[in-house]
Number of protein chains: 2
Amino acid sequence: MSTSELRPFFEPEGVAIVGAPRNIGFGYGIPPMLKSHGWTERIRLVNPVGGELHGLPVYKSVAEVPDPVDLAVVLVPAAAVPGVLDEIGRRGIGNAVVESAGFAEIGDEGRALQDEGARVARTHGIRVIGPNCVGVVNTANRFSTVEIIEEAFTPGPVSIIAQSGVFGNVMLDMLHEFKLYVAKAVTLGDRMDVNECDILEYLIEDDSTGVVMMYLEGAADGKRLRRVLKRASRVKPVLVLKSGRTGAGKAATASHTGSLSGEDGLYDALFSQTGTMRAATLEDLVEMARVFSTQPAPKGNKLGIVTSSGSLGVMATDTAVSNGLVLPRLSDETMKKVAKEAPTWMNVKNPLDVGPSAQFATALKALLGDPGIDMVLAVTIIPYAVFRELMDMGMKGSAWFGDIAGLKEAAPDKPLAVCAVGHGDFVKHMTEVAGPDVPVYVSPEPTARALAALYRYWTWRNGEAEAGGVSA
Amino acid sequence: MSTSELRPFFEPEGVAIVGAPRNIGFGYGIPPMLKSHGWTERIRLVNPVGGELHGLPVYKSVAEVPDPVDLAVVLVPAAAVPGVLDEIGRRGIGNAVVESAGFAEIGDEGRALQDEGARVARTHGIRVIGPNCVGVVNTANRFSTVEIIEEAFTPGPVSIIAQSGVFGNVMLDMLHEFKLYVAKAVTLGDRMDVNECDILEYLIEDDSTGVVMMYLEGAADGKRLRRVLKRASRVKPVLVLKSGRTGAGKAATASHTGSLSGEDGLYDALFSQTGTMRAATLEDLVEMARVFSTQPAPKGNKLGIVTSSGSLGVMATDTAVSNGLVLPRLSDETMKKVAKEAPTWMNVKNPLDVGPSAQFATALKALLGDPGIDMVLAVTIIPYAVFRELMDMGMKGSAWFGDIAGLKEAAPDKPLAVCAVGHGDFVKHMTEVAGPDVPVYVSPEPTARALAALYRYWTWRNGEAEAGGVSA
């Protein structure tokens, strides 16, 4: 299959919205949203009732839709889907997003209907995303087959593949709150035709995609997934949340997107062999994405930690070391830089606990400049009552913890992640101090886990590159 | 030791603040804070300079401080601490909080100073909290030896024991954001005298304490800790975050609060034998506390899950089952209640995925009323664009997901936890719908983990009760 076959899903010339609802409910808001995004001239509504809707003419059948039209968004009831796909094929439309539910996920009857739809699609050579999904989002041209909030249209390097429509939708609702911005998002649903491998292949070649986040319940084709994941991981990180780990979870996936989630151990092996980063939880997926979408490749696994709290430094150390990082001795030069103005109670070592001294910025800068340190984790913490007093006196977090955004800019090649624990307003303030290129976490363990994942990924990728990328 | 010896730490009749700073910096804000909390008549400032400070007279020595005074808060430099403890003893003050740093945590010299202080304290029979700590908070009488934000003084059932002062302080800064409110908080620092066992014993008998959250780097006395934890866990849950799991982490604790963090496997055994709930991470500690401080004992491990997202239902199921819970078949009556109005695509089973149907409230109520279900986990999720439309039409989350607070009130004996994933405003809204007695998590896995921990704790506690509580 050529990935160009999928282009109309993301960059359609004209879109027929088949079964455009006349009443408020699922799908009603799609035409107004597309209108507000500048798509007025390129959308055609289809509904047998005809007339007008959202200020646009309504065509009574797909056959009547004028050119150009290369994508259909299907919102009709399940039973009508095979017939509608036939009309789409006859009209010469090559791509369809079927959002209707009531297929493989509801059992044998729905599966038969899905098979019938797939047969019709194949006859006409139509590529189909869905059914039981919300389709596609492309932030670059503000095209979307699902109503999502404005914030989700901020373009960024993250692309999403989700089996579940609701899940994909809700990810788009929340990611911007973590400064994660999206290039493309696809929800696959019951996978009548297009599956995660097809989309991954498309995203490999998509320059706007820097990181892929994937939610998978079960692979449509395990062997192909292995090949495609390996090819993808060689050029961009793929982070996967795979559910259905347990028997009960697996049973639940069958009735959700009609997929068999398979043996979990096999997936673990598949992911680790292909450089795919498996997330343990939904939070883990988001936390990894934040470091992968902002930080460069680390040179090695040597982590430097600077902290204003001994306890949280210990927690970060425990997690980092448990996940394959090491905390080397600091270089003499770094030690000298920090010790010069350090109070007597400060131990200049790694993790570097500067406590309530004013040495945080000096220490952070020294770690970022230390050639023996490959990555830096900064734990910024201060009692909020103290912080508020400093703020009242006109100070900023950057006066205490350093101009983190600026320090990062001066050391762009060294991964840096910040952990800010405490009052919500403090965390928010530190997120500003850290700027757009440094992720700020609210707990030490995920900060360390994310950096460790970054190291593991690049170790795999560099290994592949050295092997000439010829291994199967 | 009698726990009554510790009472002046929490309920002093009069407090001498020794070394009250004349300039802005650590400790400067303590007298004004105590004044604003109604302690004006019960605090005495001590500083050799004398004069007046914060509108209060300053006594030149501890000896001059008038009655009543049964607690001293010590803010003098480390080297002066043994001498000050001697003055405190001579003045007949029985309790001291030493906040000064520069003791065991900085190495041999500091340790010698600490030993000297301990010797002086023993001579006079003074009980000492610290050094290198921020002491004590009691929300009931608004007494505190540390400046913390007003929100942290909202009384609640959670008491905190933290080795690290900063850590304890920052916990107080953030817990209220999770609707976790505090009874008492103690930071132990370098443990010259009072250790976690002493405080635990005090909290066992403290009626205002319902749940203990503890951060530990290393046990001061392993054997005693085992006895005290077991005694504590029999009457109230103790949640522990123990750091220093790894070699590097252990090395870091030594220079932080001067403790040896010991072998991690031994701690695992110690905690599981004593019914102590060990948190894996800082987030885990907070997440457990939320369910332990609000939910009753479950009758068993049979979990019912209702969800508006299949994917998140699967994630919750995976985590629940991996952590010892089971998802039983729903009773015929529950199935009937839900199936009556369910659309054809809905599978009435457990986890119960109601999708975008209007059946969430019916399903939640049915699960709460099903005698075969011991605990309920509700995953509320809805695309934010849809939610915002409903809100604009005057609906509330309760119209869609049920009056969760009211349903809980009607079923007070069944643990319930909610997971709301998505846009921050949606999560906030659902937190209100859930009311004060139902915790709302932002991810399915921690929700399931917290309920599983609740089950594990009560299994241990009921087992102890059946055994007559006579086992050592």
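Some points to look at:
- Selection count where residues are out of contact with any Asp or Glu (no Cβ under 9 Å at 6 or more places or on another chain), under 26 Å from residue A:296 (Cα atoms) and more than 14 Å from every other protein chain (Cβ to nearest Cβ), scope the stretch A:206-228: 9
- Boolean, residue B:317 is touching a helix residue (DSSP H, G or I) at 6+ places or on another chain (Cβ under 6 Å) and under 30 Å from residue B:280 (Cα atoms): yes
- Taken over the stretch A:15-39, the criterion of being in contact (Cβ under 8 Å) with a residue 12 or more places away in the chain and either of a type in the set (Lys, Arg) or over 18 Å from residue A:137 (Cβ atoms) (or both) is satisfied by A:16, A:18, A:19, A:20, A:21, A:22, A:35.
- Test set (1) within 19 Å of residue A:145 (Cα to Cα); (2) within 14 Å of chain B (Cβ to nearest Cβ) - residue A:38 fails condition number: (2)
- In the set (1) of a type in the set (S, T, N, Q); (2) buried (at least 22 other Cβ atoms within 10 Å of the Cβ); (3) without any contact (Cβ under 8 Å) to a residue 12 or more places away in the chain, the condition left unmet by residue A:319 is number (3).
- Just one of (1) under 18 Å from the mean Cα position of the chain (by Cα); (2) touching a residue at least 24 places away in the same chain (Cβ under 8 Å); (3) on the phi < 0 side of the Ramachandran plot fails for residue A:170. It is (2).
- Any hit, the stretch B:287-302, residues being hydroxyl-bearing (Ser, Thr, Tyr) and within 14 Å of another protein chain (Cβ to nearest Cβ): no
- Residue count for the stretch B:382-398, restricted to those that are of a type outside the set (Val, Ile, Thr) and at the interface with chain A (Cβ under 8 Å from one of its Cβ atoms): 5
- Extreme residue, nearest to the chain's Cα centre (by Cα), among residues of the stretch A:330-362 that are within 11 Å of chain B (Cβ to nearest Cβ) and under 24 Å from residue A:451 (Cα atoms): A:351
- For the stretch A:369-379, the set of residues classified as away from every other protein chain (no Cβ under 11 Å) and touching a helix residue (DSSP H, G or I) at 6+ places or on another chain (Cβ under 6 Å) consists of A:370, A:373, A:375, A:376, A:377, A:378, listed by residue number.
- Qualifying residue in the stretch B:40-50 (condition: of a type in the set (Gly, Ala, Ser), within 19 Å of residue B:91 (Cβ to Cβ), in contact (Cβ under 8 Å) with a residue 12 or more places away in the chain and part of a loop (DSSP other than H, G, I, E, B)): no
- The set of residues in the stretch B:143-179 that are assigned to a loop (DSSP other than H, G, I, E, B), of a type outside the set (S, T, N, Q) and more than 9 Å from chain A (Cβ to nearest Cβ) contains only B:179.
- Strands (runs of 3 or more DSSP E) fully within the stretch B:56-142 counting 2 or more residues that are within 14 Å of chain A (Cβ to nearest Cβ): B:135-138
- Identity of the residue in the stretch B:180-190, at pLDDT 95 or above and within 14 Å of another protein chain (Cβ to nearest Cβ), that ends up farthest from the chain's Cα centre (by Cα): B:188
- Among the residues of this structure, residue B:126 counts as one that is buried (at least 20 other Cβ atoms within 10 Å of the Cβ) and more than 23 Å from residue A:356 (Cα to Cα).
- Condition broken by residue A:204, with the remaining ones in (1) modelled with pLDDT of 95 or more; (2) in the same structural domain as residue A:183 (by TED's automatic domain parsing); (3) under 30 Å from residue A:319 (Cα atoms) satisfied: (3)
- Screening the candidates B:25, B:55, B:14 for the property of being of a type in the set (Gly, Ala, Ser) and either closer than 21 Å to residue B:131 by Cβ or in the same structural domain as residue B:209 (by TED's automatic domain parsing) (or both) yields one hit, B:25.
- Every residue from the stretch B:243-269 that is buried (at least 20 other Cβ atoms within 10 Å of the Cβ) and at pLDDT 80 or above: B:243, B:244, B:267
- Given (1) touching a residue at least 40 places away in the same chain (Cβ under 8 Å); (2) surrounded by fewer than 14 Cβ atoms within 10 Å (Cβ to Cβ); (3) within 21 Å of residue A:146 (Cβ to Cβ), number of the condition residue A:68 does not satisfy: (3)
Okay, residues lined up against (1) over 20 Å from residue B:216 (Cβ atoms); (2) among the acidic types (Asp, Glu):
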residue: A:312; (1), (2): no, no
residue: A:323; (1), (2): yes, no
residue: A:328; (1), (2): yes, no
residue: A:332; (1), (2): yes, yes
residue: A:335; (1), (2): yes, no
residue: A:339; (1), (2): yes, no
residue: A:343; (1), (2): yes, no
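- Residues in the stretch A:15-35 that are more than 14 Å from chain B (Cβ to nearest Cβ) and either over 23 Å from residue A:195 (Cα atoms) or in a helix (DSSP H, G or I) (or both): A:19, A:20, A:22, A:35.
- Residue in the stretch A:362-381 that is in contact with a strand residue (DSSP E or B) (Cβ under 9 Å, 6 or more places away or on another chain), at pLDDT 90 or above, of a type in the set (Ser, Thr, Tyr) and closer than 23 Å to residue B:216 by Cβ present: no
- Condition broken by residue B:25, with the remaining ones in (1) on the phi < 0 side of the Ramachandran plot; (2) out of contact with any Phe, Trp or Tyr (no Cβ under 8 Å at 6 or more places or on another chain); (3) at pLDDT below 95 satisfied: (1)
- Selection count where residues are touching a Leu at 6+ places or on another chain (Cβ under 6 Å) and within 14 Å of another protein chain (Cβ to nearest Cβ), scope the stretch B:422-447: 3
- The one condition in (1) out of contact with any helix residue (DSSP H, G or I) (no Cβ under 7 Å at 6 or more places or on another chain); (2) more than 21 Å from residue B:44 (Cα to Cα) that residue B:116 fails to fulfil: (1)
The values are calculated or read from the model by the stated rules, or taken from the named source; none is laboratory data. Model, not experiment: these values are computed from the prediction. With ideal geometry, Cβ positions are generated from the backbone for all residues, glycine too; neighbour counts draw on all protein chains shown.
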